[in-house]
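Asker: My questions all concern the structure below.
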Amino acid sequence: MNNENNTSKKNFLEIINKFKTGIGLLILVIVLSFLSPYFLTIPNVLNIIRQVSIIAIVSFGMTMVILTGGIDLSVGSMLAFSGAITAGMMVNSGLNVFLAILIGLAAGTALGFFNGLAVAKAKLPAFIVTLAMMTIARGFTLIYTDGRPISGFNETFRFFGAGYLGRIPIPVVIMFIFLIIIYILLKKTPLGRYIYAIGGNETATKLSGINTDKIKIAVYALNGFLASVSGIILTSRLNSAQPMSGEGYELDAIAAVVLGGTSLSGGSGTVIGTIVGALIIAVLNNGLNLLNVSSFYQLVAKGAVILLAVFLDRKSQQ
Amino acid sequence: MAKETVLEMKNITKTFPGVKALDKVNFSLKKGEVHALLGENGAGKSTLMKVLNGIHQRDEGEIIVKGESVKFENTKEAQNAGLAIIHQELELIPYLNVAENIFLGREDRNGIFINYQKLYQKTSEVLDMLGVDIDPKAKIKDLNIGSQQMVEIAKAVSQNADILVMDEPTSSLTNQEIDILFELIERLKQQEIAIVYISHRLEEVFEICDRVTVLRDGQFVDEVETSATNEDQLIKMMVGRTIEDRFPKMNFSPTEEILKVENLTVPKEIKNASFSLKKGEILGIAGLMGSGRTELAKAIFGVFKEKSGNIYFKGKKIEINSPADAINTGIYYLSEDRKEEGLVLGLSVANNISISVLKSMLKANTFINKSAETDLAEKYIEDLKIKTPSEKQLVKNLSGGNQQKVVISKLLSTKPEIVIFDEPTRGIDVGAKREIYNLMQELINEGVAVILISSELPEVLNLSNRVIVMHEKEIMGELDAAVADQESVMKLATGRRN
């Protein structure tokens, strides 16, 4: 009897532990809805999700990179680069919207591919490779745009950032599509399994006959691709490709991944956790805005939440 | 006069979720005594030592250290009471030197600076007392594992530890290093230091231990004087049944040649290796640590990019540039280091078993077929008697022997034609060893060719039909296992051709 109680209590704790990020988000939402009557209204909720969508898409790629035990500091720069290329192709070269988007996506993916090549084949540390790429891609962007924003897009292109499907903003729709794709990729395909295996033990994975270099290159390239998707949405929404856009996104993306419970040493974590992590950051920002807290204090609050979350996660694992 | 008891553990019970890891276990230790703690993997040896050391808290029972009832909350408290554990994985800092490691955190100082003169002097004193000949200024990374272990012991002694726990101290030592370690243990005994000795090698127990305590399935089986028992009796106590011999009688049926290696050379690793392998035989590879046994296996398995020489598979020359190439050809290598190179500890039993064949069980050519994966895992859990609550259990929660069976399942799932076993029975218990030997017999019965690398000469000699011996990256010669003895192997292994 006593034993049974213990087991059910243990199961309960395990469930709490599993959904702790979600529970944290829920508590935050409940508290804020009492503090501000505007918080839990449909326009505000849609606003939050739209705000989160761009950083979330970047975070999905970051989740995969971190799962392999790597890191990518160049996402913000790759995002700006692909946005600028896409804008330039339309405005300066007069290309068709879809062709321009395709070229923008290819450009960002190529940069990610290069990151992967340097990490997997040249065996350089991911931190250094992507730190260098962060500067290089930002430099490329400034060279290409001559340091000036590119703007003046047609309605078709504006749709991706500013359009709606019913009441739902298009960036949110795109985010959900990628959430589902990455979720399935990680859970149901060999590539996903290999990503977890590499993060858990790369040598053992290689000796099991898996081409680990190929997987790592694919993950970094995919991360470049997802950063490009975000860059194009952001360009469309702002109706302008800013050469300095995406600065600091790498830190927001890493924060979302870590808040979502993915281990920085790789091997464990989920993309669902990441979206919840991204939402926590966005809800916190939004709530503090509504409460008229200065953005200076918001930065402090954001950092404190990240520290607290990681601390609690570490505690619960012991 | 009877020696004073320094440690007494009474009725220790420890329960983990779902398992009673220790059930009323007793253990006692006298001054200047070496006391062996024996048991199969999962018998509770490590748990008992973790309870002693304050890593785990006991549920019931009492621990008395030097007459005082204690309950250590952490390893620091245990250390202060004079307890030290020498782990299998050494815990030294590679880029610091011997002296810096021994007195880490306890350095003598001149103001804010370390007093190096005093540091080296004190280190020399400790090393001299132990009769260990190591330069205090040598960096740890430049020492071999045997010397590193001496440093670890010196560190414990310098902290005034008088109860030492040695966990498998000889598992990665050469025979020569083992002799030096045993001399050191003798000197420690003379200094009235008490030693708990955990090992799988029964010969060692008889060589240096005074008493033996045997655990089985978390329970205390018996405590005996070493002089009043023998190997068979101990094995019987450990496994609860008699094992006639340590090795089964193997039946070899060599047929046609499946693999031929010609002048295989890997810069710095292998020099001009040539040999052939037949279906249905077990080819042993013997040699001292560092002689190139593992590297030869890895070269065949495609681990090294730079290499020269020819490899023929079924008479056809092949190129193997990666483990993937080797596995596709039908060659599988079982690593000597299952935790670092064999398993993804954070993944489940099923996910580990299926990893090499995942691409052959897809739905719609894209998605992993979960039920096929589960079936595969269940088949091997049953076939190899892997002890696990389910195929979903994470591999890190399994005992060493069962982990090894998971790696072997992964290997078997690829239906290999050549299997290279590198130290397949290292650190696993007698019962599981026997099961692995039987499995090798089954493999050669099916016409698989097996290469067996082992540091244990009796294992190589009893399980192979031919043995090649390596010395300093080269193959020194080949022996017929039926007539070879340990002496003839050692002669070649130390570089003396007949």
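The values are calculated or read from the model by the stated rules, or taken from the named source; none is laboratory data. Predicted model only: the values in this text are computed from it and were never measured. Cβ atoms come from the backbone with ideal geometry, glycine included; neighbour counts cover every protein chain shown. For the accessible areas, the whole protein counts, side chains as well, though only heavy atoms, and no ligand, DNA or RNA atoms are used. Shrake-Rupley method; radii C 1.70, N 1.55, O 1.52, S 1.80 Å.
Asker: Picking from B:Q121, B:Q148, B:Q159, B:Q117, which residue would you name as being polar (S, T, N, Q), under 29 Å from B:V212 (Cβ atoms) and over 25 Å from the mean Cα position of the chain (by Cα)?
Answerer: After ruling out the rest, the residue left standing is B:Q159.
Asker: Sticking with this one: Name the residues in segment A:40-83 that are surrounded by fewer than 24 Cβ atoms within 10 Å (Cβ to Cβ) and touching a strand residue (DSSP E or B) at 6+ places or on another chain (Cβ under 6 Å), would you?
Answerer: Across segment A:40-83, the qualifying residue is only A:R50.
Asker: When segment B:109-126 is examined, which residues are found to be open to solvent by 30 Å² or more (accessible area, probe 1.4 Å), assigned to a helix (DSSP H, G or I) and either modelled with pLDDT under 90 or β-branched (V, I, T) (or both)?
Answerer: Within segment B:109-126, none qualify.
Asker: At pLDDT below 90, in contact with a helix residue (DSSP H, G or I) (Cβ under 6 Å, 6 or more places away or on another chain) and either of a type outside the set (D, E, K, R) or over 21 Å from A:I54 (Cα atoms) (or both): does that describe A:A241?
Answerer: Criteria not met by A:A241.
Asker: So if I check each of B:G290, B:G284, B:G309, which one is in a strand (DSSP E or B), away from every other protein chain (no Cβ under 14 Å) and open to solvent by 20 Å² or more (accessible area, probe 1.4 Å)?
Answerer: Result: B:G309 is the single residue among B:G290, B:G284, B:G309 that is in a strand (DSSP E or B), away from every other protein chain (no Cβ under 14 Å) and open to solvent by 20 Å² or more (accessible area, probe 1.4 Å).
Asker: Moving on to the next point. Mind counting the residues in segment B:325-336 that are out of contact with any helix residue (DSSP H, G or I) (no Cβ under 9 Å at 6 or more places or on another chain), assigned to a helix (DSSP H, G or I) and among the small types (G, A, S)?
Answerer: 0
The rows are residues; the columns are (1) in a helix (DSSP H, G or I); (2) within 14 Å of chain B (Cβ to nearest Cβ); (3) open to solvent by less than 30 Å² (accessible area, probe 1.4 Å).
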site	(1), (2), (3)
A:G231	yes, no, yes
A:P243	no, no, yes
A:G269	no, yes, yes
A:T274	yes, no, yes
A:A278	yes, no, yes
A:N289	yes, no, no
A:K302	yes, no, no
A:I306	yes, no, no
A:K315	yes, no, no
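Asker: Here's another thing I want to ask about it. Could you check segment B:337-363 and list, in sequence order, the residues that are more than 7 Å from chain A (Cβ to nearest Cβ) and either outside any helix (DSSP H, G or I) or without any contact (Cβ under 8 Å) to a residue 60 or more places away in the chain (or both)?
Answerer: Scanning segment B:337-363 gives B:D337, B:S348, B:V349, B:A350, B:N352, B:S354, B:V357, B:S360, B:M361, B:L362, B:K363.
Asker: Is it the case that segment A:112-122 has a residue that's outside any helix (DSSP H, G or I) and closer than 30 Å to B:K359 by Cα?
Answerer: There is at least one residue in segment A:112-122 that is outside any helix (DSSP H, G or I) and closer than 30 Å to B:K359 by Cα.
Asker: Let me ask another. Consider only pairs whose beta carbons are under 9 Å apart and that are at least six residues apart or on different chains; among these, list those whose first residue lies in segment A:92-117 and is under 19 Å from A:K214 (Cβ atoms) and whose second residue is in a helix (DSSP H, G or I) and basic (K, R).
Answerer: Hits for this filter: A:G116/A:K216.
Asker: Out of the residues in segment B:241-269 that are closer than 30 Å to B:G39 by Cα and open to solvent by less than 50 Å² (accessible area, probe 1.4 Å), which is modelled with the highest pLDDT?
Answerer: So the residue we want is B:M250.
Listed here are the residues, each with its yes/no results for (1) more than 28 Å from B:S356 (Cα to Cα); (2) hydrophobic (A, V, I, L, M, F, W, C); (3) at pLDDT 95 or above.
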residue: B:F220; (1), (2), (3): yes, yes, no
residue: B:V224; (1), (2), (3): yes, yes, no
residue: B:E281; (1), (2), (3): no, no, yes
residue: B:A286; (1), (2), (3): yes, yes, no
residue: B:F313; (1), (2), (3): no, yes, yes
residue: B:D337; (1), (2), (3): no, no, no
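Asker: Given the criterion open to solvent by less than 90 Å² (accessible area, probe 1.4 Å), farther than 18 Å from B:R187 by Cβ and modelled with pLDDT of 90 or more, identify the matching residue among B:I134, B:I145, B:I140.
Answerer: Unique residue meeting the criteria: B:I140.
Yes/no per residue for (1) aromatic (F, W, Y); (2) without any contact (Cβ under 8 Å) to a residue 60 or more places away in the chain; (3) open to solvent by 10 Å² or more (accessible area, probe 1.4 Å); (4) closer than 17 Å to B:V395 by Cβ:
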{"residue": "A:L179", "(1), (2), (3), (4)": "no, no, yes, no"}
{"residue": "A:Y194", "(1), (2), (3), (4)": "yes, yes, yes, yes"}
{"residue": "A:I198", "(1), (2), (3), (4)": "no, no, no, yes"}
{"residue": "A:A204", "(1), (2), (3), (4)": "no, yes, no, yes"}
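Asker: Going by the structure shown, is B:A493 open to solvent by less than 60 Å² (accessible area, probe 1.4 Å), more than 17 Å from B:E281 (Cβ to Cβ) and in contact (Cβ under 8 Å) with a residue 40 or more places away in the chain?
Answerer: The answer is yes for B:A493.
Asker: Which numbered condition trips up A:R148, out of (1) over 20 Å from the mean Cα position of the chain (by Cα); (2) more than 14 Å from chain B (Cβ to nearest Cβ); (3) assigned to a helix (DSSP H, G or I); (4) touching a residue at least 24 places away in the same chain (Cβ under 8 Å)?
Answerer: Evaluating A:R148 over (1) over 20 Å from the mean Cα position of the chain (by Cα); (2) more than 14 Å from chain B (Cβ to nearest Cβ); (3) assigned to a helix (DSSP H, G or I); (4) touching a residue at least 24 places away in the same chain (Cβ under 8 Å) leaves (3) as the failure.
Asker: I would also like to ask the following. Being at pLDDT 95 or above, within 14 Å of chain B (Cβ to nearest Cβ) and within 19 Å of A:G69 (Cα to Cα) is the requirement here; does A:I210 meet it?
Answerer: Judged against the criteria, A:I210 is a match.
Asker: Kindly list the number of the only condition in (1) buried (at least 20 other Cβ atoms within 10 Å of the Cβ); (2) within 7 Å of chain A (Cβ to nearest Cβ) that fails for B:T366.
Answerer: Unmet for B:T366, out of (1) buried (at least 20 other Cβ atoms within 10 Å of the Cβ); (2) within 7 Å of chain A (Cβ to nearest Cβ): (1).
Asker: If you don't mind, another one. Go through (1) more than 31 Å from the chain's Cα centre (by Cα); (2) open to solvent by 50 Å² or more (accessible area, probe 1.4 Å); (3) closer than 28 Å to B:L215 by Cα and name the single condition B:R106 misses.
Answerer: Single failed check for B:R106: (3).
Asker: Based on what the data block shows, is A:I198 within 14 Å of chain B (Cβ to nearest Cβ) and either touching a His at 6+ places or on another chain (Cβ under 7 Å) or in a helix (DSSP H, G or I) (or both)?
Answerer: Answer is yes for this residue.
Asker: Kindly establish whether A:N5 is more than 30 Å from A:S263 (Cβ to Cβ), at pLDDT below 95 and surrounded by fewer than 22 Cβ atoms within 10 Å (Cβ to Cβ).
Answerer: Yes.
Asker: If I ask for residues that are open to solvent by 40 Å² or more (accessible area, probe 1.4 Å) and free of Cβ contacts under 8 Å to residues at least 40 places away in the same chain, which ones from segment A:160-172 would you list?
Answerer: Result: A:Y164, A:L165, A:G166.
Asker: I've got another one for you. Can you pull out every residue in segment B:314-336 that is within 11 Å of another protein chain (Cβ to nearest Cβ) and open to solvent by less than 30 Å² (accessible area, probe 1.4 Å)?
Answerer: Across segment B:314-336, the qualifying residues are B:P323, B:A324, B:A326, B:I327, B:I331, B:Y332, B:Y333, B:L334, B:S335.
Asker: Closer than 30 Å to B:I386 by Cα and assigned to a helix (DSSP H, G or I), is that true of B:M129?
Answerer: Against the criterion (closer than 30 Å to B:I386 by Cα and assigned to a helix (DSSP H, G or I)), B:M129 does not qualify.
Asker: Further question on the same structure: When you scan segment B:2-62 for strands (runs of 3 or more DSSP E) that lie fully inside it, which ones turn up with 2 or more residues that are open to solvent by 10 Å² or more (accessible area, probe 1.4 Å)?
Answerer: Of the strands (runs of 3 or more DSSP E) lying wholly inside segment B:2-62, those with at least 2 residues that are open to solvent by 10 Å² or more (accessible area, probe 1.4 Å) span B:5-16, B:19-30.
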